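The values are calculated or read from the model by the stated rules, or taken from the named source; none is laboratory data. What you see is a predicted model, and the numbers here were worked out from it, not measured in a lab. Glycine also receives a Cβ, built like all others from the backbone with ideal geometry; neighbour counts cover every protein chain displayed.
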Amino acid sequence: MKKIAISQLNTLFAAIAARKALYIPADDGAGAAKFTLWAEGVQLSDKLNTVRSAKDLFFPQVEQLVNFKMEGTKLEIIENRDATEPFVVFGVRACDAASFDILDRVFLSDPVDTFYQTRRENGVVITLACSRPAETCFCGTFGIDATNPAGDITCWMDGENLYWRANTEKGEALTATLDLTDCDGSAVTAQQEAVREILRKLPLNGLDFSDFKDQKLMDVFNSPKWAALSESCLGCGTCTFVCPTCQCYDVQDFDNGREVRRFRCWDSCMYSDFTMMAHGTNRPTQKERFRQRFMHKLVYFPNNNDGIFGCVGCGRCLQKCPIHMNIVKVAKALKEDM
């Protein structure tokens with residue numbers, strides 16, 4: 001394990017940014033944090049988490065896929081993919097790091113999404129262990145250790161030092177280019193023990209979703225609770241846009257008269273026009289759309305992915321839903337019928 005003084009943090013960032021583009025959580029001026037390209041003067045945020053996760057760097061909200069030109073019966077395909085340059089993302093929390101495993105199962109399964117694959121291959125993920133978890137956190141429900149996150153490199157921070165541990169070949173390669181001091185890691189062990197004690201006292205500690213693995217799909221699907229749970233939902237999609245594991249998208253074409261430009265944009269199963277086809281949509285009611293979101297997280301995804309839930313317990317949906325409806329409330333309500 002290695003370390004560097006907090007007072008030298010910007011020196012560390014400058015050394016990384018000299019080799020690769022570096023993104024860090026920085027305050028946006030509106031009381032929130034987001035992953036921002038580091039430059040001199042950009043300061044690391046002290047917020048627990050960013051409003052939107054590091055997913056944005058691997059699966060952007062909007063990206064241009066390809067252009068077309070048509071002249072009569074002749075079709076010309078114009079490849080305009082931006083070359084993905086190597087980059088580093090610093091400060092990814094344990095929950096968001098775990099979300100990459102879920103996204104990988106979607107985008108790296110056959111047929112592989114080469115846009116996502118290229119970014120994963122070119123990106124180095126540096127995680128930062130939590131020292132002040134929030135009451136909305138419940139990552140431990142899914143076996144995630146907030147004090148020991150995964151990633152190419154894992155970091156811990158206290159009032160004096162940033163501690164650094166390389167975990168992968170990409171992490172080792174980056175570490176070799178930096179001026180860091182060796183240390184024994186005793187300070188990290190002490191911090192981990194203290195934070196784990198905090199985690200044990202959080203309101204959502206002990207939350208258990210394992211019952212959903214043993215339930216028959218149709219029993220959950222036909223629960224009478226869905227009507228009441230969905231009644232107040234606005235269908236705004238906020239929960240899906242802040243979620244680090246949501247991966248739904250739409251593909252749209254724009255014709256400017258000279259060429260057709262094709263974009264991929266995030267979409268939400270909570271929207272009334274989601275999966276709209278010529279005959280309409282197969283989920284015409286808010287209840288059906290609401291149920292789809294939570295059935296996917298709690299039942300469909302684990303049933304098709306070795307029991308892994310489609311949630312990492314980051315707590316963003318608990319914080320941001322305007323009517324305070326979230327996966328925890330839904331799971332608790334449904335468990336009453338189990």
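So the values come out like this:
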read-out	value
Members of segment 22-33 that are surrounded by fewer than 17 Cβ atoms within 10 Å (Cβ to Cβ) and closer than 18 Å to Pro60 by Cβ	Asp28
Some residue of segment 217-224 being in a helix (DSSP H, G or I) and either among the polar types (S, T, N, Q) or within 16 Å of Ile327 (Cβ to Cβ) (or both)	yes
Residues (in a helix (DSSP H, G or I) and among the acidic types (Asp, Glu)) located in segment 291-338	none
Hey, Gly91 free of Cβ contacts under 8 Å to residues at least 40 places away in the same chain and on the phi > 0 side of the Ramachandran plot or not	no
Some residue of segment 308-316 being surrounded by fewer than 18 Cβ atoms within 10 Å (Cβ to Cβ) and of a type outside the set (Val, Ile, Thr)	no
Thr136, sole failed condition from (1) β-branched (Val, Ile, Thr); (2) modelled with pLDDT of 95 or more; (3) under 24 Å from Lys170 (Cβ atoms); (4) more than 14 Å from the chain's Cα centre (by Cα)	(3)
When residues of segment 237-290 are limited to those that are of a type in the set (Asp, Glu) and in a strand (DSSP E or B), the one surrounded by the most Cβ atoms within 10 Å (Cβ to Cβ)	Asp250
Every pair of residues 6+ apart whose Cβ atoms lie under 6 Å, when the first sits in segment 13-28 and is acidic (Asp, Glu) while the second is surrounded by 16 or more Cβ atoms within 10 Å (Cβ to Cβ) and part of a strand (DSSP E or B)	Asp27/Ala33; Asp28/Lys34
Unmet requirement for Leu234, which otherwise passes all of (1) surrounded by fewer than 17 Cβ atoms within 10 Å (Cβ to Cβ); (2) among the hydrophobic types (A, V, I, L, M, F, W, C); (3) touching a strand residue (DSSP E or B) at 6+ places or on another chain (Cβ under 8 Å); (4) part of a loop (DSSP other than H, G, I, E, B)	(3)
Flag for Val220 being buried (at least 19 other Cβ atoms within 10 Å of the Cβ) and touching a strand residue (DSSP E or B) at 6+ places or on another chain (Cβ under 6 Å)	no
Count of residues meeting criterion [out of contact with any helix residue (DSSP H, G or I) (no Cβ under 7 Å at 6 or more places or on another chain), assigned to a loop (DSSP other than H, G, I, E, B), among the small types (Gly, Ala, Ser) and within 29 Å of Glu135 (Cβ to Cβ)] in segment 32-79	2
Test for Lys216: is it closer than 25 Å to Phe290 by Cα, over 25 Å from the mean Cα position of the chain (by Cα) and in contact (Cβ under 8 Å) with a residue 12 or more places away in the chain	no
Failed item in (1) among the acidic types (Asp, Glu); (2) touching a strand residue (DSSP E or B) at 6+ places or on another chain (Cβ under 9 Å); (3) farther than 22 Å from Gly315 by Cα, with Asp267 passing the rest	(3)
Some residue of segment 70-85 being modelled with pLDDT of 95 or more and either among the aliphatic types (A, V, I, L, M) or touching a Gly at 6+ places or on another chain (Cβ under 7 Å) (or both)	no
